[in-house]
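Single-structure report; data block below.
None of the figures in this text is laboratory data; all of them are computed from the coordinates on show. Note that the structure is a prediction, hence the values are computed from the model and not measured. When we count neighbours, we look across all protein chains shown, and the Cβ atoms used for this are built from the backbone with ideal geometry, even at glycine.
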Amino acid sequence: MSAHHEKEMWTAKLRKAWQKNLPIEKLLPDTQPAYVASWIYLFGVATLSALGVIIFSGLILAFEGPSWYHLSSPGHFVNSLHFWSVQLFFVFMVIHLWGKFWMAAWRGNRMLTWVTGGIAFVASIGTAFTGYLVQTNFDSQWISYEAKDGFNSVGIGAWFNVTNLGQQLLLHVAFMPLILGVITVIHVLMVRAKGVVPPIDAFNKVLEEKK
Amino acid sequence: MSTRHELESAPWAGRTRRYDILKEGTAALLIITVIVVALSAFFGSPDDKQITFKEWATNAPADFYATSVQELAGTSGSAGYGAPYNTASSGVNVGPFHLAQIIGVKHPVDNVNDFVITPLTTFNNSPDVATALKQWQGADSKTHLAWATAYDSALGKANQDASKVPAGDYGPVPQLATGLLTMAKSGSLDGVLLSQGNYFQNDNTKQTLFLGDGNYFNDQSTAAHLQGDTWGMMNENGRYPGQAWLWLYSFWYQIPPFNNGDSHPFGANADAYIMIIMGILSLSLVCMPLIPGIKALPRKIPVHRLIWRNYYEEENL
């Protein structure tokens, strides 16, 4: 195929952009900048790990149905796995977020990395909220009853009906995880492509010498 | 000359250290899994049993009876809610906009028929309830309203004690409420309210609205510290952590003017205003690097000196 034709191809353009911005050495690195040496860096991978446990336990719950965990000890245990992994997920993610804020991690063309992280945080809250609505217990009864007023007050309740178990269950196991999953993958790929943000004062000397 | 931005954007050219991303990921996953398994084994998870209409009618029959009368009279919370359930009121507003009303009735609920009359038609009623049902069905809506409001008012004055309600022109309303109480106690109402004559059904809107119209459901929530004015949005049953990440959302309901439903316009329309505030704050979080002042904080408050302490020492920065 001629170079001319290749230039016009979407597939070829995507491949070249991918190879340029995210070569395999960046995607699966064996070195890190020396400054990546603080406990705060652990909370990104901890968040992803907790998400992994959430997805695994959630898949089991999905296969067994929304009421299974009320009726069996194994079910209640899997529900507990889901519950605690969600709790840890948010703890890790909030610490990760605060850490990145104090690092001003959006510096050096990393704005979209921050934005995707922020969207992932908001999407996580939505995903967790729909999870609380589909517990099929007293808690979900009360949360749906109370939450309807908030969504109805701005008209969203017309389409996002928190008292509709079927709708919320579908959103929780399909739509919301899809959004969160896609955003998370993009976020991680951007971290790999752009690299970990350097320390705020890392280039002070260089800049002073150049003055 | 390179600017700071260009230097921070460029691939790192300084010192590096060994880093096995797969090993780190695997180790993290294993450790987190062990922690989650341990927490689950030791603490379990909350699962308070759902409230049924049978439970409500059995434990608080007077409350259920009075709520049934309110549904017939159109004085219950959901009967006067407005959109998206009915047109009884204009609902909350933001300035001149009643957003739910503009969108309209998307989940129609007919409190009289959906909650009381239709369920009763599916039940094997006692003769006096069956007669009352025929009397109701033979009357017009104006008469329905006159009967029901008269009895609702009288029942309210008698502190929901039906035995102390003076004689009056209440039509078949007392018998209908008694019939629905009997049906609820038998457990039949739970299924009928959900199915509404269908085989497949997964929308609990009508059940939830009816349940919320009574005091029993609210009382259970108050006892569990789940009410909105006690940070209920982020609480959980028992001693378990709840949705702590909703603390900011919950916070607004605790402070003036949002915690005073009589305060206009913000308190009376707190749900809408708080939803809008949280929307703006969520957007602000996503766009934080663009907000003047906020984006400068990390440089002004040197938490980063702690994070990169070792690097700064090694590089003598």
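Using the alpha-carbon atoms, what tilt in degrees (0 to 90, nearest 10) does helix B:61-73 show relative to the longest principal axis of chain B?
Once rounded, one gets 80 degrees.
Note down the relative contact order for chain A as a percent, whole number, built from C-alpha pairs under 8 angstrom at least six residues apart.
On the way: 153 pairs, mean separation 50.2, N = 211.
This gives 24 percent for chain A.
Label 7 Å along Cα→Cβ of B:Ala10; region A:30-50 residues with amide nitrogen under 20 Å?
A:32-36
Is there a quick way to get the dipole size of region B:83-202? I mean about its Cα centre, with the Cβ of Lys and Arg at +1 and of Asp and Glu at -1; what is the value in debye to the nearest 20? Mind dumping the intermediate values first?
Working: 6 positive and 8 negative charges, 17 e Å.
With only Lys, Arg, Asp and Glu charged at Cβ, the dipole is about 80 debye.
State the percent of C-alpha pairs, over all pairs in region B:53-222, separated by a distance greater than 30 angstrom. Mind showing how you got there, number by number?
Values: 2237 of 14365 pairs.
The share of Cα pairs beyond 30 Å in region B:53-222 comes to 16 percent.
According to a simple spin-label model (label point 7 Å from Cα along Cα-to-Cβ), what is the distance in nm between A:Asn21 and B:Lys164?
It is 7.4 nm.
Quick one: helix B:141-157 against the long Cα principal axis of chain B, what's the angle to the nearest 10°, folded into 0 to 90?
That works out to roughly 80 degrees.
Residue separation times 0.36 nm, minus the C-alpha to C-alpha distance between B:Lys106 and B:Asn310: what's the value?
Working: separation 204, 0.36 × 204 = 73.44 nm, distance 5.94 nm.
Once the chain is fully extended between B:Lys106 and B:Asn310, it gains 67.5 nm.
Just the Cα atoms of chain A, one point each, no solvent: what log10 I(q)/I(0) does Debye give at q = 0.10, 0.17 Å⁻¹?
The calculated log intensity ratios at q = 0.10, 0.17 Å⁻¹ are -0.61, -1.18.
Once the Cβ-Cβ distance between B:Ser284 and A:Ser38 is put in as r, and R0 is 25 Å, what FRET efficiency do you end up with, to the nearest 0.05?
Numbers: r = 27 Å, r/R0 = 1.07.
So, using R0 = 25 Å, E works out to roughly 0.40.
Could you work out [θ]222 nm for chain B from helices alone, using -39500 (n - 2.57) per DSSP H run of at least four and dividing by all its residues? Round to the nearest 500 deg cm²/dmol.
On the way: 17 runs with 165 residues, N = 317.
Result for chain B: -15000 deg cm²/dmol, rounded to the nearest 500.
Mind scanning A:Lys13/A:Lys194; A:Lys211/B:Lys295; A:Lys16/A:Lys100 and naming the pairs with a C-alpha gap bigger than 28 Å?
Numbers: A:Lys13/A:Lys194 19 Å; A:Lys211/B:Lys295 26 Å; A:Lys16/A:Lys100 30 Å.
Going by Cα-Cα distance, A:Lys16/A:Lys100 fall outside the 28 Å limit.
Show the residues, 5+ positions off or on another chain, whose built amide H is closer than 5 Å to the amide H of B:Val94.
It is B:Leu99, by chain and number.
To the nearest 20 Debye, how big is the dipole of the protein assembly as shown about its Cα centre, given +1 on the beta carbon of each Lys and Arg and -1 on that of each Asp and Glu?
On the way: 35 positive and 38 negative charges, 508 e Å.
For this selection, approximately 2440 debye.
Around B:Asp190, under 15 Å between beta carbons, what's the net of Lys plus Arg minus Asp minus Glu among the other residues? Walk me through the numbers on the way to the answer.
Details: positive: B:Lys49, B:Lys54, B:Lys185, B:Lys206; negative: B:Glu55, B:Asp114, B:Asp203.
That sum, taken over residues with Cβ under 15 Å, equals +1.
Would you give the gap between the C-alpha center of region A:166-211 and the C-alpha center of region A:118-163, rounded to a whole Å?
Centre-to-centre (Cα) distance: 26 Å.
Taking Cα centroids, how far is region B:90-157 from region A:50-115 in Å?
43 Å
Using only the alpha-carbon atoms, how far is helix B:127-138 inclined from the longest principal axis of chain B? Give it as 0 to 90 degrees, nearest 10.
Tilt of helix B:127-138: around 80 degrees.
Within region B:1-34, name every residue whose backbone N is under 18 Å away from a label modeled 7 Å from Cα of A:Leu207 along the Cβ vector.
Answer for region B:1-34: B:1-14.
Mind listing the Cα extents of chain B along all three principal axes, in Å, largest one first?
Answer, in whole Å and largest first: 92, 50, 35 Å.
Over the protein assembly as shown, what number does the Rg to Rh ratio reach, with both radii from the alpha-carbon atoms and Rh per Kirkwood?
Working: Rg = 29.0 Å, Rh = 26.8 Å.
Rg/Rh for the protein assembly as shown comes to 1.08.
Could you tell me what a quarter of the Cα convex hull surface of region B:14-55 works out to, in nm² with one decimal place?
6.2 nm²
At what distance in nm do the modelled label points of B:Lys300 and B:Ser263 sit from each other, each positioned 7 Å from its Cα along Cα→Cβ?
Result for the modelled spin labels: 2.8 nm.
Taking chain B as a Gaussian network, where each spring joins two C-alpha atoms under 10 Å apart, which residue of B:Gly14, B:Gly138, B:Gly214 fluctuates the most?
In this elastic network of chain B, the residue with the biggest mean-square fluctuation among B:Gly14, B:Gly138, B:Gly214 is B:Gly14.
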